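These notes are about the structure you will find just below.
Coordinate-derived values only; no laboratory data. Nothing here was measured: the structure is a model prediction, and the numbers come from that model. A quick note on method: Cβ atoms are made from the backbone with ideal geometry, for glycine too, and the neighbour counts reach across all protein chains shown.
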Amino acid sequence: MVSERDVLHIAELADIGIDKEELAEFTGRFNEILDYFDILDQVGAGETREADLVNVFREDVVDPSLTKDEVLANTPDPEDGFFRAPRVM
Amino acid sequence: MTDDAPISRPASEGVTRWPGEKISDIQRQTQPANIRMDFSDDEVIIGLEIHCQLDTATKLFCGCSTDYRDDSPNTHVCPVCLGLPGSLPRVNKKAIGYALRVGKALNCTVLEESEFARKNYFYPDLNKGFQITQYDKPLAVRGYLDIEGDDGEKRVRITRVHVEEDPGRLVHKGGADRAKYTLVDYNRAGIPLIEIVTEPDLRSPKEARKFLNKLRATLEYLGVFDSEKEGSLRVDANISIQPKGWFEKEGKGKEGRGRAEVKNISSYKGVEKALTFEVTRQKNALRRGQRLETATRHFVETRGITTASRSKEMEQDYRYFPEPDLRPLRVCDWAAGIVLPELPDARRARFLGQYGCSPIHARTLTGDLRLAEFYEQVAETDPILAATWVADTLLGELNYRDMSVSKVSPGWFRALILLIKEGSVTDKGGVEVLRSLLDQIRESGSCETPDECVGRLGLIVIERTGGAGDADDPVAMAAREVVAEQPQAVADFHAGKKEAFNFLVGQVMKKTRGRAKPADVNQVLLGILGKEG
Amino acid sequence: MATISFSPKDQYNAFITTLNEAESGPGALSGIPVAVKDNISTRGIPTTCGSRILEGYVPPYDAHVVTLLKKAGAAIVGKSNMDEFGMGTTTENSAFGPTKNPADPSRVPGGSSGGSAAAVASGMVRMALGTDTGGSIRCPAAFCGIVGHKPTYGRVSRYGLIAYANSLEQIGPMARSVSDISLLMEVLTKYDPRDSTAVDCHYSHTPDPEIRGLKIGVPEEFFGEGVDPRVASAVWDGITLLERKGAEIVTCRMPSMAYALAAYYVTCTSEASSNLARFDGVRYGPPADTKLPWHEAFQQRRQSGFGTEVKRRIMLGTFALSSGYYGKYYAKAQAARQQVRNDFLHLFRTVDVIAGPTMPTVAFRLGEKTDPLSMYLSDILTVPANLAGIPSISVPCGKSEGLPVGLQIMGPHFRDERVIDVAYAFEQGVSR
Ligand SMILES: [Zn+2]
């Protein structure tokens, strides 16, 4: 069982804000889904992903980068070639 | 007195004074247990986590050039390192090869299979909301590096070596404290980093610095790292103060007193400074009887202090899982085939044998790849003289000017050593020439030849033209003048004071502006003084 | 170069973006209008993944498959509607409104490639690209009565596909005929080193309807609880048709089906929780509020940018990977996934292909499925192929309640040719 507090903690980890109304709904659905996931408890541990393909590399050769216009085309408000982000301090 | 039995004290006082015990020891014991004055029973426990940029031509997961330092922001980015939706990483083979070289040089075991993992957290310098790194399957584990420790040769164990991508660079607009917003440059995002984690085997800030110096030299000898690039090295350090022997007894993973995890140290000197600050801070806290909690601290380079992490760092839960866009690595047989170049210890041994350097010179010269290579280019002139001039004089002058040896051309340095060896210029004159030439390089990037410099400064050695009594001999003239000017020193000399003679030699050197050979001055002065006596 | 004009009424809301004029060149697909699902990056054309959080985003590069389509002369006429980030089985979870099923506009087209399916089924385009993470090509193909193929994992480059669940998804063809599927496969499977999980295994094949002696395995679990008996009966009729054409039918078991759906949802939500972390409004998409501290700004941006189902899956995945739960969920899901793979490997030692229904039911009514878990359960028959990475095709197989039913045919890794041959044989058999 997860509680509303657990769901809030998960939302925090996922960096998603959630409203009070959403919280109850999410918590209820979560518990239904997690109950269903409990079937995995019956799976023995052991084998994991098999590696059929290994060592896929690229050589250390320079490829052209994007042009400055292409880089900043999707940001509305660049400053001196920088992206603008919320303050971290 | 015959009744000299030991005084027995009531048990309630609890202190028995044993022969040889000092009063101060007893006082310490009778003070409240949490006030501590003496830390001789404690030791400093330090472990390091070092991030170095690998010196590849392209980034770890895309073909963007790593040569970004002089370029404007966001000019070395592509869909991959910008984290654009739909882009996919591709592993740079050379970065893996470089990391394997490091693993091998640090005597690690390369794992049969290793893989990349995602470290999930949010921060604006992260282009994808996660960092591609390695988690439970790093490239190499369980190695060691031998260093000159505080108590002689010491083996520092290496926990693991792995590769990961560098995040971008943040610029805090309006100064770090009052920033209204943050500017982000992803040119650095995706630069290959190697992370090297040590066991907590270091016992002092100085030892930590020595380890870093040795590690840096090793990485440079391997040709995988360029320490002169700005921001190419960053260190996180764990430091705590524990009762002596605690670590050996309890081992890793046990919680003793809380430790500080100092982040954000970006220079070699900074590591020693930050750790020294921490030792003092933690001892002060213990002295006041405070409990030390394990905490993250940041090093403020400009002030030389560490500060408690201000941002409410959420409970760290990075939710690592295998990177689904990349395939596992099976590279342990590559590692077996790697032939390592000569590393610092081997080169030091060679310098001792081949050039006859003193052990201390050999250590200094091989402690830095560029210095070692420079020395080998000038050693032919006179290996021992060259060793002194490179390891002592040149290195000192370079450090004073914050210059790299790569700015110095072996050609003119060879010429300078030859001038000194031939006796055309005195040691003192040689230093003057060296300083002048380094200053010229710093100002204009180039310099005159040592010969030209000697001529311009008039530093050519004064050759004697006659005996001590000869009226025309320049050294004799200077000596006679000094003897005449300094009757007191002459008197002291005759009274048997050795320092007086040294003083007189100094005065003659001064008069000749250092151009007289010290042996000549000695000889002439003794001649004059002896005659007088 | 020719210009193809394209101005459909789009009564089913199949497209998020349409191009009135599309370029077409020479090549295998010359002059053919093609719809591209809106989670596949197209240089200069908005690519939204059906989400508000990518509103206004115009990729500066083409996905590998888009480059290949252009090289083959195809005219990319629009970006088709989808469940937000591929998270859905109905195409109702789109920020741009639901797509309707051309077979019955009161029904959903299936999802998440519902826009591509509706565009093909309604005749607006001859073929389309979809993506399939847990059935997202095959489900809408079945619901709309067209053909859809999920290639072997690694056969088509994912470069430029906006990731939902990297280890499960593939781009694949959707069309009205098996031969068009085959034609598109030939174009899409050109190797691309930019996808490190891709394999150089070009599809160059003409469908062959000869299936005499072919062994078809039919797992009991594909006709188990939850499968509508009318759908089951239509599919059995289809399998019988294949038998009449000379194939041998063998019933078999797939015990790992018990865990498959849970393993699938744990895996895809875990990967999604990480993949969707990059949408923070710094580099593209509606910008984060730079007046707020970053943590608050990101939370707000992501709260308003993502729809409910996307938020739910991000949070489920975050939980499944979080400290203390990784072992219970993510690690167990990977073990279960290996069992699914092993079951298939085991079956393919004795049978050539495996057949069953694509979906347990016919298309739902619009708005019918509101409970997420029951929606997830409808993916039970399609997710095994994604977990194992094997090729799987859905081909129209009669009707139930007047609505299309899909027959699903799965084959061993890199035997896409074989499942396409069987589908072709079936299609030929039905049309005679
Ligand atoms: Zn790049």
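Some notes on this structure:
- Among C:Asp237, C:Asp371, C:Asp343: highest mean-square fluctuation, GNM of chain C, C-alpha pairs under 10 Å: C:Asp371
- Among beta bridges that DSSP assigns inside chain C, antiparallel share in %, nearest 5: 70 percent
- Largest mean-square fluctuation among C:Tyr153, C:Tyr325, C:Tyr12, in a Gaussian network model of chain C whose springs join Cα atoms under 10 Å apart, belongs to C:Tyr325.
- Converting phi to 3J(HN,Hα) with the Karplus coefficients 6.51, -1.76 and 1.60 and the offset θ = phi - 60°, the range B:389-405 yields 5, 7, 6, 9, 5, 4, 4, x, 5, 5, 4, 4, 9, 6, 10, 9, 5 Hz in sequence order, with x at every glycine or proline.
- Chain B shape via C-alpha gyration tensor axes, a/c threshold 1.5: oblate
- Value of Rg to Rh for the protein assembly as shown, rounded to two decimals, is 1.12; Kirkwood radius and Rg both from alpha-carbon coordinates.
- Qualifying aspartates and glutamates (Cα of each under 15 Å from Cα of C:Lys100; at least 8 residues distant if same chain): C:Asp10, C:Asp83, C:Glu92, C:Glu368
- Scanning residues 5 or more positions from C:Arg107 or on other chains, those with amide H under 5 Å from its amide H are C:Asn101, C:Leu366, with H placed 1.01 Å from N in the peptide plane.
- Helix B:410-422 axis, angle to chain B major axis (alpha carbon atoms, nearest 10°): 30 degrees
- Debye log10 I(q)/I(0) at q = 0.12, 0.21, 0.23, 0.24 Å⁻¹ for chain A, Cα point scatterers: -0.87, -1.01, -1.13, -1.19
- Between the alpha-carbon centres of the range C:377-398 and the range C:190-239 there is a gap of 8 Å.
- Farthest toward positive dipole pole in the range B:329-458 [+1 Lys/Arg, -1 Asp/Glu at C-beta], among B:Leu419, B:Ser406, B:Ser446: B:Ser406
- The separation of the range C:110-157 from the range B:106-160, counted between C-alpha centres, amounts to 44 Å.
- Farthest positive-ward along chain C dipole, Cα basis, beta-carbon charges - from C:Ala14, C:Phe143, C:Ala331: C:Ala331
- About its Cα centre, the dipole of the protein assembly as shown is roughly 580 debye, where the only charges are +1 on Lys and Arg Cβ and -1 on Asp and Glu Cβ.
- Kyte-Doolittle at least -0.5, axis length at least 24 Å by Cα - qualifying DSSP helices, chain C: C:257-275
- Theoretical ellipticity at 222 nm over the protein assembly as shown - DSSP helices of four or more residues, -39500 (n - 2.57) apiece, nearest 500: -10500 deg cm²/dmol
- Annotation: amide H of B:Thr306 within the under-5 Å range of B:Val300, sequence separation 5 or more or interchain, hydrogens built in the peptide plane.
- Just checking the listed ones, A:Glu25, A:Glu59, A:Glu79: in the Gaussian network model of chain A with Cα springs under 10 Å, the one fluctuating most is A:Glu79.
- A compact globular protein would have a Cα radius of gyration near 2.2 N^0.38 Å; the ratio found for the range C:30-102 is 1.12.
- Axis angle, to the nearest 10 degrees, between helix B:498-511 and the longest C-alpha principal axis of chain B: 90 degrees.
- Share, in percent, of DSSP beta bridges within the range C:2-188 that are antiparallel, nearest 5: 70 percent
- C-alpha center-to-center spacing [the range A:1-35, the range C:253-314] in angstrom: 14 Å
- Overall form of the range C:2-188 per C-alpha gyration tensor (a/c, 1.5; a/b vs b/c): rounded
- Degrees separating the helix B:268-287 axis from the principal Cα axis of chain B, which is the longest one: 70 degrees
- Shielding by partners for peptide A:72-79, expressed as the average number of C-beta atoms from other protein chains within 10 Å of each residue's C-beta, is 6.
- Whole-Hz ³J(HN,Hα) from phi, Karplus 6.51 cos²θ - 1.76 cosθ + 1.60, for the range A:13-19, glycine and proline x: 4, 7, 6, 10, x, 9, 7
- In summary, the range B:287-432 shows an alpha-carbon radius of gyration equal to 1.68 times the 2.2 N^0.38 Å reference for compact globular proteins.
- Rounded, prolate or oblate (a/c below 1.5 giving rounded, otherwise prolate when a/b exceeds b/c) for the range B:474-532 by Cα gyration tensor: prolate
- For B:Gly63, distant residues with modelled amide H under 5 Å away: A:Asp63
- Coordinate range along principal axes, alpha carbons of chain C, Å, largest first: 70, 58, 43
- With 20 Å as the limit on Cα-Cα distance, the pairs of B:Lys214/B:Lys273; B:Lys206/B:Lys283; A:Lys68/B:Lys59; B:Lys229/B:Lys407; B:Lys93/C:Lys150; B:Lys104/B:Lys137 that go past it are B:Lys93/C:Lys150.
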